[in-house]
Structures are given as C-alpha cells and as structure tokens.
Amino acid sequence: MLKGKKIIIGITGSIAAYKAILLVRLLIKAGAEVRVLLTPAAKDFVSPLTLSTLSKNKVLIELFDEDSWANHVMLGRWADVMVIAPLSCNTLAKMAGGFCDNLLLAVYLSATCPVVVAPAMDEDMWKHPSAKSNLEKIVSYGNKIIPVESGELASGLVGEGRMAEPEAIVKYLESNFFLPKTLAGKKVLVTAGPTYEAIDPVRFVGNHSSGKMGIAIAKELFARGAEVTLVLGPSSQSITENGIKVKRVRSAEEMYNACTEVYASTDIAVMSAAVADYTPINTATEKIKKNGETWHLEFKKTRDILKSLGEKKTAQQFLVGFALETNNEREYALNKLKSKNADMIVMNSLRDAGAGFGHDTNKITIFDKSGREYNFDTKSKSAVAKDIVDTIIHLINV
Ligand code: CTP
C-alpha cells in the first residue's frame with residue numbers, strides 16, 4: 001500500500017524522537033519514499049546521520065545552508081502526506097499560531113498535502129488547557145491527530161501522553177490515506193443528520209442526531225474512491241473533504257427530494273439520517289402565540305425515503321438502511337431490512353453503552369439480505385464507518 005508513496009517525516013525535540021527512527025525504517029521497508037526534516041532541537045535527540053542513512057536522503061534542518069536555500073514550498077508539494085512525529089508541545093504551539101522560525105514549520109505552512117501529527121508530551125503538559133486548545137486549532141486547520149497512548153513517560157510518571165508506536169502510525173497512514181480505491185467509479189448517496197420539521201417560523205420538531213456517523217461513512221466511502229453525494233440535515237459538523245458533494249437540507253421532504261433527484265444514477269445508497277417520521281400537517285406562517293394551558297399539534301407521516309428507494313431499486317443498486325432500536329432490536333431491524341427492500345441493515349441499540357446519538361463511538365450489528373449477521377465491538381465512529389464500508393464492499397463483491 002505504501003509503495004512509491006512520498007512521505008515527509010518531521011521530527012521535533014522530544015524524547016520520543018527515538019521512535020521516529022523505527023518509523024522511518026518501517027516506511028522505507030514498505031517501499032515509501034521518505035524525506036526527513038528535523039527541528040534544530042530534535043538534533044539533540046536523534047542523529048541526522050542515522051536518519052539520512054535509513055531514509056536514503058539528506059536530512060534537512062535549516063532553512064538556509066551556507067550557500068543554498070531549502071525549497072520548503074516544493075517539499076510541501078512533493079509529499080503525499082506529512083507526518084510530524086513526535087510533535088512537541090512547543091512545535092504544536094507554533095503550528096497553532098502560524099509561526100515559521102525553522103524549516104519544519106515552513107514546510108508545514110506550505111504543505112498542500114494532508115498533515116498528520118503524533119503528539120508526545122508528559123501528562124501534565126498534555127492535559128494543559130493550552131495544549132488542548134492548540135490541538136483543537138490545528139484540527140480546525142484540517143490536520144489529523146494520531147491519539148497519544150497511556151504508559152510510562154519520560155518523566156518516569158505513568159499516564160497519558162506517549163507517542164503512538166511506529167507500527168500504529170504506519171497502520172494509521174495505510175488506512176487513512178493509502179487504501180486501495182476499491183470503489184472508484186461508483187456513485188454513492190449518503191444521508192446523515194436529523195431533520196427539522198417546522199411548526200412555525202421559530203419552532204420545529206427535531207431529534208438528537210449529530211450527523212457524525214453518516215459523515216464518517218461519507219468520508220470513508222470517499223477515501224475508497226467513490227463519488228459521494230452527502231445529503232445532510234441540520235448538523236453543526238463541518239466537512240473538510242473537498243471532493244464530497246454536500247447537499248444541505250432541513251426537512252424530511254427536502255431530504256426526500258434531494259435523494260430522489262440523484263438516486264437513479266446511484267450505485268450504492270446509505271441511509272443513515274434520522275429522518276422525522278411525522279411532520280406537522282400545517283406550518284404556521286406567523287409565530288404561534290401561546291393561549292390556553294395545552295396545545296395540540298396534528299402530524300402526518302413523512303415519506304419514507306429508504307422505503308421509496310427500495311421500491312425503485314434495480315438489480316445493480318445496493319441499498320443500506322439503519323435501525324436504531326431500544327428493544328427487540330434484532331426482530332425490528334430484520335423487519336426493516338425486509339419491508340424496505342434494503343440489501344443490508346446496520347443496527348444499533350441504545351441499550352449498548354457508547355452507541356447512538358451524540359457519542360463519538362458506536363456499536364453496530366449488520367444483517368445482510370440472507371439474514372447473515374456481522375457483529376462488531378464498540379469503536380470510534382470513524383472505525384465503525386470502515387467496518388460498514390468493508391461489509392458493503394464484501395457484499396457487492398468488487
Ligand atoms: N428513514 C427514511 N425516511 C424516513 C424515515 C426513516 O429514509 N422518513 C430511514 C432511516 O434513514 C433509516 C431507516 O429508515 O435508514 C430507519 O427506519 P425507520 O423504520 O424509520 O426507523 P424508525 O424511525 O426508528 O421507525 P420505528 O419508529 O418504526 O422504529
């Protein structure tokens with residue numbers, strides 16, 4: 001997967017810099033082309049000679065040599081991905097602030113490729129509010145974070161802040177950037193988020209869906225090469241992937257219209273939105289004033305998007321539904337699979353800890369059309385998205 005991939009490894013001044021030596025070796029062994037950049041402080045922790053020998057390339061540290069200028073712009077454009085590992089507290093702060101007082105930072109600021117960081121800090125520094133807010137800032141710039149691990153730290157204390165192991169970083173790169181584009185040429189429709197059904201100009205009926213699960217699925221499908229249209233209900237989540245076509249909608253009806261518009265040319269549709277089942281019969285044009293002790297609203301059923309796509313489905317199309325249940329999970333999920341003519345249903349139960357709305361994790365069970373069951377552990381929503389997409393790929397047999 002990494003053969004021929006161009007990877008920049010940026011190393012900062014941290015005890016964990018010794019692990020970067022193994023990281024470079026693993027990447028070279030996997031066939032990647034590696035350029036190593038050190039901050040001046042990193043020189044005290046690892047030897048440029050070791051790294052240039054392993055990477056088979058000159059290690060760069062300074063923006064200027066005696067007689068030449070390191071072209072940070074070209075380096076930033078050359079790479080498929082830039083990995084800063086270990087990322088020290090100091091370099092993190094400079095990245096967050098847009099500082100540029102060494103070559104590594106200049107390349108970071110010029111990089112047109114994705115940038116991934118693997119922080120390494122002592123626990124107290126890691127938990128300092130400034131580190132947290134700096135991390136949030138660089139995430140908002142689109143940078144990705146490889147989570148720290150818990151264990152023995154340089155101080156001798158045991159806690160959170162250890163840099164991820166080199167093997168884990170290689171795995172992260174493979175599964176986040178260099179997956180085979182198995183779904184290239186496939187057009188995919190994904191729905192995500194809640195819908196809001198207007199009562200009057202200031203009120204609506206909605207639900208707690210954040211849209212995180214559906215967005216993670218859209219991103220994963222895109223990473224596998226699919227052409228993705230995401231129909232997204234009112235969600236505060238932002239989508240940084242440029243290639244995903246996002247259609248923002250508000251109500252169940254708008255979501256239905258956006259889906260039916262593109263469905264005929266869709267190969268795979270994944271309906272993960274929490275669509276309102278009912279909508280007010282009348283939406284008042286003026287704000288409804290309060291009068292009386294009680295208030296009765298009348299609702300009518302919305303159109304079931306999944307069901308309607310299931311009715312139109314051709315033999316070439318693959319349809320995925322979701323079932324969020326609180327009881328009789330299996331039975332209800334299997335009924336939905338059948339009654340809506342889906343090919344696969346992803347079930348989650350609100351009884352499982354870490355599953356459902358708002359969490360960053362989820363626990364799913366998948367059923368396919370022939371009733372086969374696929375069980376998964378509680379995982380981050382991005383890891384769950386990988387499981388869902390892997391199962392789709394397995395079932396459509398590409
Ligand atoms: N769905 C849809 N359009 C709707 C309602 C639901 O496309 N108007 C889709 C959801 O995106 C999800 C699946 O249908 O894929 C959920 O099935 P549904 O029967 O609506 O689940 P619930 O709303 O939980 O239904 P019930 O209250 O009967 O359990």
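Please treat every number below as a calculation from the coordinates, not as lab data. This is a predicted model, so every value here is computed, not measured. Note that we place each Cβ from the backbone using ideal geometry, even for glycine, and neighbour counts take in every protein chain shown.
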Please compute the alpha carbon radius of gyration of the chain, then divide it by the globular-protein estimate 2.2 N^0.38 Å. Two decimals is fine.
1.15
Which aspartates and glutamates does LYS132 reach when only Cα atoms under 18 Å apart count, and residues fewer than 8 places away in its own chain are ignored?
ASP122, GLU123, ASP124, GLU149, GLU160, ASP360
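Just rank HIS359, HIS296, HIS208, fewest to most, by other beta-carbon atoms within 10 angstrom.
On the way: HIS359 16, HIS296 5, HIS208 9.
By the 10 Å Cβ count, ascending, the order reads HIS296, HIS208, HIS359.
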Starting from 0 in steps of 10 Å, tell me what percent of the Cα-Cα pairs of segment 175-240 lands in each bin.
21, 40, 25, 10, 4
Cross-link partners of LYS340 among lysines (Cα-Cα below 18 Å; sequence separation of 8 or more within a chain)
LYS301, LYS307, LYS312, LYS313, LYS369
Förster radius 41 Å - calculated FRET efficiency between THR50 and ARG372, Cβ distance, rounded to 0.05
0.20
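Can you work out D for segment 240-299 in µm² s⁻¹ from Stokes-Einstein, where Rh is the Kirkwood radius over C-alpha pairs, the temperature is 20 °C and the viscosity is 1.002 mPa s? All intermediate terms of the calculation are to be shown ahead of the outcome.
Numbers: Rh = 15.1 Å.
This corresponds to a translational diffusion coefficient of 142 µm²/s.
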Residue order, fewest to most surrounding Cβ atoms within 10 angstrom, among GLU253, GLU311
GLU311, GLU253
Cα-based Rg then Dmax for segment 307-346, in Å, read 10.4, 33
For segment 187-396, the spread of Cα positions along each principal axis, largest first, Å
57, 35, 33
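Can you say what percent of the DSSP beta bridges in the chain, counting only those with both residues inside, are antiparallel? Round to 5.
Details: 20 of 62 bridges.
Bridges in the chain are about 30 percent antiparallel.
In what order do CYS259, CYS113 fall by count of nearby beta-carbon atoms within 10 Å, going from fewest to most?
Details: CYS259 25, CYS113 16.
In increasing order of surrounding Cβ atoms, one gets CYS113, CYS259.
What is the ratio of the Cα radius of gyration of segment 6-177 to 2.2 N^0.38 Å, with N the residue count, to two decimals?
Values: Rg = 14.8 Å, N = 172, 2.2 N^0.38 = 15.6 Å.
Cα Rg divided by the expected 2.2 N^0.38 Å: 0.95.
Kirkwood hydrodynamic radius, segment 241-358, all distinct C-alpha pairs: what's the number in Å? Mind dumping the intermediate values first?
Working: mean 1/r = 0.0600 Å⁻¹.
It works out to 16.7 Å.
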Which of LEU189, ILE7, HIS208, positive extreme of dipole for the chain (C-beta unit charges)
LEU189
